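Accompanying notes for the structure given below.
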Amino acid sequence: VEQAQNQGDQAKSFLADRSTGEIVDQVKMAIIPHHLLVGSFMDKFYQQLATKVKSEQRQIKRIILISPNHFGYGYNYVQSSDISEEKRFAAKLDVEVIQALEKAGLLKIEPKYLPNEHGQTAHFSFLKKYFPEAKVIPIILKRTTPRAKLDTLIEELVKITTEEDTLM
């Protein structure tokens, strides 16, 4: 609980450091907490992000959501799901890109673990609320993922995030 509060305080200070308390730069990537203990901060962040994106006349079509694999579930270092459980999670998955990342050997599709990963599921309702048309690429990383595998994954994800309609 204390760790989640500290994460929330750190994230709040990032926004509070700005004179207006608003997001002022074009955002392509963000690191925010995934504990619902700081759910009001998460909601405020996503609301400000959506407002900023709208003011830039951008429409977000894809969101890459990366989280730790908190419980070490699954067989692979880097996992995702291609089963969109929109009713359960309020998230549409970008199945085409997820399958392409698997085909490239960058991740493995292990759909049964996504429902248990709060690092992912904590964000889904906010994404649906503020970016209802966006498709999500959930990526779950084991703590023991080799550095070379992470570097290769990052190189490919950076290519995807160069598109104006994508956030990470």
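Among the conditions (1) without any contact (Cβ under 8 Å) to a residue 12 or more places away in the chain; (2) under 25 Å from V38 (Cα atoms); (3) within 16 Å of the chain's Cα centre (by Cα), the only one that L93 does not satisfy is (1). Just one of the numbered conditions (1) more than 20 Å from K28 (Cβ to Cβ); (2) at pLDDT 95 or above; (3) in contact with a Leu (Cβ under 8 Å, 6 or more places away or on another chain) is not true of P146: (3). Give the residue that is nearest to H34 (Cα to Cα), with candidates limited to residues of region 58-80 that are in contact with a Leu (Cβ under 8 Å, 6 or more places away or on another chain) and not in a strand (DSSP E or B). Residue satisfying both the conditions and the ranking: N69. Among the residues making up region 74-95, those that are at pLDDT 95 or above and open to solvent by 60 Å² or more (accessible area, probe 1.4 Å) are Y75, Y77.
Condition check: among the acidic types (D, E), surrounded by 15 or more Cβ atoms within 10 Å (Cβ to Cβ) and touching a residue at least 40 places away in the same chain (Cβ under 8 Å). Does E102 satisfy that? When the stated conditions are applied, E102 does not pass them. Consider L37 carefully, then state whether it is within 15 Å of G119 (Cα to Cα) and free of Cβ contacts under 8 Å to residues at least 40 places away in the same chain. So L37 fits the description; yes. The number of residues in region 127-168 being open to solvent by less than 50 Å² (accessible area, probe 1.4 Å) and assigned to a loop (DSSP other than H, G, I, E, B) comes to 6. Could you please find all residues in region 108-120 being over 15 Å from M42 (Cβ atoms), open to solvent by 50 Å² or more (accessible area, probe 1.4 Å) and touching a residue at least 40 places away in the same chain (Cβ under 8 Å)? Correct list: N116 only. The condition of being in contact (Cβ under 8 Å) with a residue 40 or more places away in the chain, under 16 Å from the mean Cα position of the chain (by Cα) and open to solvent by 40 Å² or more (accessible area, probe 1.4 Å) holds for only one of H123, H70, that being H70. The residue of region 1-45 that is modelled with the lowest pLDDT, among those that are within 19 Å of L127 (Cβ to Cβ) and touching a Lys or Arg at 6+ places or on another chain (Cβ under 7 Å), is I23.
Which of the numbered conditions does A100 fail, given that it passes all the others? Conditions: (1) within 20 Å of L49 (Cβ to Cβ); (2) small (G, A, S); (3) over 13 Å from the mean Cα position of the chain (by Cα). All conditions are met except number (1).
The values are calculated or read from the model by the stated rules, or taken from the named source; none is laboratory data. Source: prediction; values computed, not measured. Using ideal geometry, Cβ is built from the backbone for each residue, glycine included, and neighbour counts are taken over all protein chains shown. Keep in mind that these areas ignore ligands, DNA and RNA; they rest on the heavy atoms of the full protein, side chains included. Shrake-Rupley method; radii C 1.70, N 1.55, O 1.52, S 1.80 Å.
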